[in-house]
Amino acid sequence: MASVSTERYDADWQSKYRNMVMTAEQAVSHVRPGQRVLVGTGGAQPLRLVRALVARHTYLADLQVLQSLTFGEAPYALEELSDYFSVNTFFVSANIRSVVQKGYGHYTPISLSEIPRLLGSGELPLDVAMIQVSPPDAQGRCSLGISVDIVKSAAANAGLVIAQVNPQMPWTLGNSFLSVLDLDILVPADEPLIEATTLGPVDHTSMGGPAEPAEDVVRAIGQNVASLVEDGSTLELGLGHIPQAVIPFLKKKTNLGIHSELITDAIIDLIESGAITGSQKSTDRGKIVTSLAIGTKRLYDYVDNNPRFSFNPTEYVNDPLVIGQQNKMVAVNTALEVDLTGQVCADSLGTSFYSGVGGQADFSQGAGRSPGGRVIIALPSTADGGSVSRIVAPLKPGAGVVTTRVAVHYVVTEYGIAYLRGKNVQERVMALITIAHPDFREELLTKAVESHWVHPEMADVEGRFFVGPEEVRTTTVLDDGTQISFRAMGPTDEPATRDLFYSLSRETLYYRYMSHLERIPRKQLRNYVYIDHRNEVAIVGTLREAHGEEIIAIGGYYLDQKTNRAEVAFIVRDDWQRRGIGTFIMKHLIGIAKRNGIAGFTAEVLIGNKPMQAVLDHSALTVRRTVEEGVVHYDLDF
C-alpha cells in the first residue's frame, strides 16, 4: 500500500484549533510535581513530548511516569533522575529494565484487560496522558493509529490530555478515534514513528538478556506450533520471535482469522498468501482485530485506512469473554521457563522482573473457553547458550506464575509438543521431559522422582530416557480415507500403550504374546516404552483425537548384535485388523532396519496366527520357514 495519506485530514486544523495548539515545551509546562503521567504505547510513544518533559525535570519532583510497552528512548528512566521521575510500568520493556531491576522503578503485575478498568475506576488516578494521534479530519476526529490499546482509556480518564499530532500516524479504522475536543493540548510534530527494527529484536524470551535463540531453533518451534493450528482457526500471536515464527508455516492454511492484541510486519505476507480470510470467525467476521501494531514503516503504511483491520481498545480485544466467543481460538505465547507440572513463568527471572503479564493471561483464559480452542506456550528448550534448561523441575525461587498449570493445553519446544490438558502430574512430567533438551532429561527425571511427582519405580528408567528419531515419522491412508500416523514410541506413550493392551481381545493377546495374559506388569510396559531406538526400535500407529492421540498399533524389532538380525513383531487393535495396517508396519520397519544396516528379520509366529503369517510371507523378502511344536520360525533376508 502507499505511504500514509494526508488527504483525509483537515488541512486547516491548526488554525481551526489554534487555541489548543502549543509547542512541546509549552505543553509540558502544565505538568505539575507529584502528578501521574501516562506515556503512549509502542511505536506511538510521543517522543517529542517525552524529551520536553525530561528537559524540564528541574521544575518537577516525584513525578510518576506510568507506561506499558514502549520502544526506543526512555530518558526519564535513569538512576540520576530518580528524584524527579519514578517509573511505574505494566510491562518491563528493555528500555526501562535496568531501573526496575535495580529498584529505582516499579512494575505493576496486571493483565492487559484489567488496565482500563484500573484507570477508569479511580484506583489508579491519572493526571496527565501524553499520547500521539493523527491530525483531525473535517469532522474533528483523530485516529490513535497504531496504538489504541490502553491509550484510549487513558485519554478518557486523564485530567489533562496532551496529544502529539503527527501526520505520519496511520489512519486506522475500528474503534480507534478520539474527538479533537476530548484533547486538551495539541502539539504538531511531523516525524517518523518508532520502528521495531531500529530497536533490535522485539523479544523477551532470552533468560540472560540480549542473546536470542538460534534461527534453526526458532524455525523448528514455529513449525511445531503451526502443526497445531487447524484450518478455520482464529489466532493470537504474542510478542516475540517465537510466536511470530509460526507465521511462515501458516501460509498453506485456509480461512484463518486474527484476533490478537498486537500485529507485526509478518502479518502482511500471511494476508497476501490468502491464508487469512476471517470468514470462519464467530465475531468480527472478515476483520483482523487488534489494538497495537509493532513493526516497520511497511506495516504502518499497510494498516493505513485499510478496511481489513479493526483497531480496538484493550478492554475489547483482550476481554476473555470476547476471546472465548471465537470458535477454535488459538493463543500462542512464550515463557521464560515452564516447570514439570505445567506452571508458566513469563515475567521474571526468579526475583528479577524481566517483562510482564501482557495479554498472556487474557488470551489463555479466553482460548480455554473457546470451543475447540487451544492454549499454546512455546519456548526454546535452553537459554544462555545451552547451559540452562527452560523446562525446570521447580521454578526459580521468586518466579512469577503468569499462566497456571490448569490453563495450559500445549507446551512446545524445538524437540516437540507436550499435550498437558487433562493429564495427571506424572503424565505431564513425562511429556515435558520428552521435549526438554536431551542434555537435561535425566536430571529432570531424577528431580521428578525426588519430588514424588512420578512413581518411585521411574527411577529404574534413568539412563534409558531416549526420544525416537523424527525420520521414522510417516503416514498411510486406508481405503476409506482414514489417515494413520506413525512415529517412534516415546516415554509419554506408557498410558496409551496400557490402554491398547487392555482393549485387545484374548485371541489377539494370545497370538502376540503366546500366553494368556490377564494383565501387563508395569515394569514390562516400561520395557516397551523406554528403548534406545538403536538396538531396539518401536513405532506406534496413531489416530488424532480431540484429546491428543490414540494408539491403535505398535510394531518394532530387537537386534541380536551377534547375528545382526532383528526379531520383528507388531500388533494391531482388533477393530483395525485386516485393513492393511500390519503390512504397512512391516514395510516401514524393513526400511528402518535397512537404513540401520541390519541383515534381516526373524520372527516367531503361532501356527494359528494366519494374518501375521500372510504379512511375513508377502513381505517381498527372501523367506525361510520352519515349524516346530506349533510355532512357525521365520528367517527373512533383506
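The values are calculated or read from the model by the stated rules, or taken from the named source; none is laboratory data. Quick caveat: nothing in here was measured; it's all calculated off a predicted structure. Note that each Cβ is placed from the backbone with ideal geometry, even for glycine, and that neighbours are counted across all protein chains shown.
Listing for the model above:
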| read-out | value |
| --- | --- |
| Test: residue in segment 16-26 that is over 17 Å from Ile96 (Cα atoms) and touching a Lys or Arg at 6+ places or on another chain (Cβ under 7 Å) | yes |
| Any hit, segment 496-503, residues being modelled with pLDDT of 90 or more, small (Gly, Ala, Ser) and in a strand (DSSP E or B) | no |
| Cβ pairs under 9 Å, 6+ apart, first in segment 467-495 and more than 26 Å from His455 (Cα to Cα), second of a type in the set (Lys, Arg) and assigned to a strand (DSSP E or B) | Glu470/Arg487; Val472/Arg487; Arg473/Arg487; Thr474/Arg487; Gln483/Arg544; Ser485/Arg544 |
| Residue within segment 387-398 that is under 22 Å from Thr290 (Cα atoms) and surrounded by 22 or more Cβ atoms within 10 Å (Cβ to Cβ) present | no |
| Helices (runs of 4 or more DSSP H) wholly inside segment 295-387 containing at least 1 residues that are aromatic (Phe, Trp, Tyr) and over 16 Å from the mean Cα position of the chain (by Cα) | 297-303, 314-317 |
| Scope segment 295-317; condition modelled with pLDDT under 95 and touching a Gly at 6+ places or on another chain (Cβ under 6 Å); matching residues | none |
| Filter pass, Ser279 being surrounded by fewer than 18 Cβ atoms within 10 Å (Cβ to Cβ), of a type in the set (Gly, Ala, Ser) and more than 17 Å from the chain's Cα centre (by Cα) | yes |
| Close pairs (8 angstrom Cβ cut-off, 6 or more residues apart or separate chains): farther than 19 Å from Trp453 by Cα in segment 380-398, among the basic types (Lys, Arg) anywhere | Pro380/Arg390; Ser381/Arg390; Thr382/Arg390; Ala383/Arg390 |
| Segment 5-28 residues that are modelled with pLDDT under 95, paired with ones that are of a type in the set (Ser, Thr, Tyr) (beta carbon under 8 Å, 6 or more apart) | Tyr9/Ser134 |
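Matching residues to (1) out of contact with any strand residue (DSSP E or B) (no Cβ under 7 Å at 6 or more places or on another chain); (2) part of a strand (DSSP E or B); (3) surrounded by fewer than 19 Cβ atoms within 10 Å (Cβ to Cβ):
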{"position": "Val217", "(1), (2), (3)": "yes, no, no"}
{"position": "Gln223", "(1), (2), (3)": "yes, no, yes"}
{"position": "Glu230", "(1), (2), (3)": "yes, no, yes"}
{"position": "Glu236", "(1), (2), (3)": "no, yes, no"}
{"position": "Leu239", "(1), (2), (3)": "no, no, no"}
{"position": "Ile242", "(1), (2), (3)": "no, no, no"}
{"position": "Phe249", "(1), (2), (3)": "yes, no, yes"}
{"position": "Lys253", "(1), (2), (3)": "yes, no, no"}
{"position": "Gly257", "(1), (2), (3)": "no, yes, no"}
